[in-house]
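Contents: one structure, followed by commentary.
The values are calculated or read from the model by the stated rules, or taken from the named source; none is laboratory data. Everything numeric here is computed off the predicted structure, so don't read it as measured data. Neighbour counts are summed over all protein chains in view; Cβ atoms, including those assigned to glycine, are modelled from backbone coordinates with ideal geometry.
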Amino acid sequence: MKTVLTVDDSRVARTAIAHALSTWGCRVLEARDGREGVAVARLTRPDLIILDVLMPVLDGRQALAILRRDPGCRHIPVVMLTAITGESLVDECSHLGISGYLVKPVATEALLDVVGRVLGSAMHVPLALAARGPARPAQLG
């Protein structure tokens, strides 16, 4: 089972991401800001971090920079999740070493596609859900 840490100051976004990923068999950890996210990452060494950019205390760019300097965490893939669009932000985060970038609101399918690609395995719909028919896009955060 893969472990994903989601770091976002929005409880709604964290809950939606946790629900989507746990449905597909991931263990999901949550943090409310960058400082808490760095602490949880150092303690648990997740397989992936989904990191919001704009947060109080320590924002996503600052948290990413700290993680990339930490020998125990620098290898952890990070996907940025934010409502901000723009090439300069994507470039800035790319230079810090991100594995993906999602803009809120993001459909569940897009989230699962990026997470599956980063983790190196396809995220498949569990049989119980497949029996219900095609999934409808759900908006996160």
With respect to Ile84, is the statement that it is in a helix (DSSP H, G or I) and either out of contact with any His (no Cβ under 7 Å at 6 or more places or on another chain) or under 16 Å from Val118 (Cα atoms) (or both) true? no
Reported set for region 1-19 where residues are assigned to a loop (DSSP other than H, G, I, E, B), within 20 Å of Asp59 (Cα to Cα) and more than 10 Å from the chain's Cα centre (by Cα) is Asp9, Ser10
Does Leu64 satisfy being loosely packed, with under 15 Cβ neighbours inside 10 Å and outside any strand (DSSP E or B)? no
Out of (1) without any contact (Cβ under 8 Å) to a residue 60 or more places away in the chain; (2) over 10 Å from the mean Cα position of the chain (by Cα); (3) not in a loop (DSSP other than H, G, I, E, B), the one Val79 does not meet is (2)
Taking region 95-110 and keeping residues out of contact with any helix residue (DSSP H, G or I) (no Cβ under 6 Å at 6 or more places or on another chain), surrounded by 17 or more Cβ atoms within 10 Å (Cβ to Cβ) and part of a helix (DSSP H, G or I) leaves none
Inspect all residues belonging to region 28-42 and state whether any of them is surrounded by fewer than 21 Cβ atoms within 10 Å (Cβ to Cβ) and at pLDDT below 95.
no
